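The values are calculated or read from the model by the stated rules, or taken from the named source; none is laboratory data. Since the structure is predicted, the reported quantities are computational estimates derived from the model, not experimental observations. Neighbour counts run over all protein chains shown; Cβ positions are idealised from the backbone, glycine included. Only protein heavy atoms, including side chains, enter the accessible area calculation; ligands, DNA and RNA are left aside. Shrake-Rupley method; radii C 1.70, N 1.55, O 1.52, S 1.80 Å.
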Amino acid sequence: MQTGLFQEIVAMAVSTVRTQKVRSGLTILGIVIGITSIVGMTSLIRGFDESLRDMIRDIGPDTVFVSQFSGVSLMAGSDLNELLQRPTLTPSDARAIEQQAQSIAAVNLTLGGNGGPASTRTRIHYRGERTKRIAISGSTENFPDVYHVDIASGRFYTEGEVNHRRRVVVLGQNPYLALFPNVDPIGKTVRIGNQPYTVIGVLGPRPNAGGLNSDADDIAVIPHTAYQKQFGVRVLRSRRGRFTSVMIAAVPREGVPRDEAIQDITEVMRIRHGLRLDEPNDFDIVTQDAAMRLWDQVSSATYLALVAISSIALLVGGIGVMAIMTISVKERTREIGTRKALGARRKEILWQFLLEAVFLTAIGGLLGIMFGSGIGFGVHFATGFPISMPWWSFALGIGFSAAVGIIFGIMPAIRASALDPIEALRYE
């Protein structure tokens, strides 16, 4: 097609859109909604995805977690009723791993603070102030090293304080800010439940999925011996079985491969649970890689759902484009007949209407990108939720909108190009 003719066809398409503002607006509405959802949701989902991956990476590639069951088993298709029949983990399991697994450098036991249904949540009081209900976690002195947590001020408790059940507490960022906004908390006495605890340190900010600064920093850590004395090892019982919020984390010795550490932990746990060689593990071992694979499955399903929802909106928009373009062909039948009588070829008529449809959907795509980006930035500035806007999401929006224009505009364009000029001139 000659450049001059192409420019003329584009000018005619632009003129038609300009003179039919209401119709054009209704035509592109579905496209705008579809592209807005693609760009807006992609920016939010990718932002959450990247922040969660950062949080998983922060765990450390060599840390090995042992739990009664985890999302890895559920995603593998295991029955929840069977998982609840597994034996619950105990503090003695952690001690056995520490003493018998030769490849392990440090073991941490966490009670009550892993977010499960058996977790311990209560308020912390200081004079006239109190926090919201936060997670109280009982742990060993290895907590900062195993979970790679910084101490913002003060210190963490020692092995001696754990062994002697000292009532000392290290506050997370949120309870620290709620109780001591302008005061040094070190040495102050707070009340957890009905027991007094001395504040000896403050944890640094912990990675939060979505950057919402909520659950991860709503925590206070006390020696697991003091936790057991006050709260016990909480076990949630139901008809299906039992669940306890006991988490064991271990770090291999320097130079020891992680797989060797996993093998040692597995041998210790299987012996403790009396499993035969032909019986599967009745506990879960989770690593950073396993957590990342689990999230990959979840995020893939999320992206698939996003594509499905957006496709419905684009399909509706495409049907609208086809309907409006069909009406436009009928209304402009005499114009088409006149152009053909003056020498316009079928190809030129086809390109005119096809480019008009593509132009309409491209406008919808651009507007959708603007609105979708605005939604992403608006949520980010209002809540701090992280966003990510890769270039390919914009290219995807433009590509989808143009494809809709071509697919749903081709039939009206073919119909227009196939009109007989004599019959078209007679059309009323």
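Structure values in brief
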| quantity | calculated |
| --- | --- |
| Index of the failed condition, Val107 passing every other in (1) part of a helix (DSSP H, G or I); (2) in contact (Cβ under 8 Å) with a residue 12 or more places away in the chain | (1) |
| Cross-chain or 6+ apart pairs with Cβ under 7 Å, segment 41-64 first and among the hydrophobic types (A, V, I, L, M, F, W, C) and open to solvent by 60 Å² or more (accessible area, probe 1.4 Å), then modelled with pLDDT of 70 or more and assigned to a helix (DSSP H, G or I) | Met41/Leu306 |
| Within segment 201-247, considering residues that are at pLDDT 85 or above and assigned to a helix (DSSP H, G or I), the one surrounded by the fewest Cβ atoms within 10 Å (Cβ to Cβ) | Lys229 |
| Scope segment 256-285; condition modelled with pLDDT of 85 or more and touching a Phe, Trp or Tyr at 6+ places or on another chain (Cβ under 6 Å); matching residues | Met269 |
| Test: Thr361 is open to solvent by less than 30 Å² (accessible area, probe 1.4 Å), modelled with pLDDT of 75 or more, of a type in the set (Ser, Thr, Tyr) and farther than 28 Å from Leu29 by Cα | no |
| Enumeration of residues in segment 80-94 that are under 28 Å from the mean Cα position of the chain (by Cα) and either at pLDDT below 70 or open to solvent by less than 60 Å² (accessible area, probe 1.4 Å) (or both) | Leu83, Leu84 |
| Candidates Tyr157, Tyr176, Tyr197 - the one that is of a type in the set (Ser, Thr, Tyr), assigned to a loop (DSSP other than H, G, I, E, B) and either surrounded by 19 or more Cβ atoms within 10 Å (Cβ to Cβ) or free of Cβ contacts under 8 Å to residues at least 24 places away in the same chain (or both) | Tyr157 |
| Qualifying residue in segment 184-199 (condition: under 28 Å from Arg272 (Cβ atoms) and either at pLDDT 90 or above or of a type outside the set (Gly, Ala, Ser) (or both)) | no |
| For Glu428: the one exception among (1) assigned to a helix (DSSP H, G or I); (2) of a type in the set (Asp, Glu); (3) modelled with pLDDT under 75 | (1) |
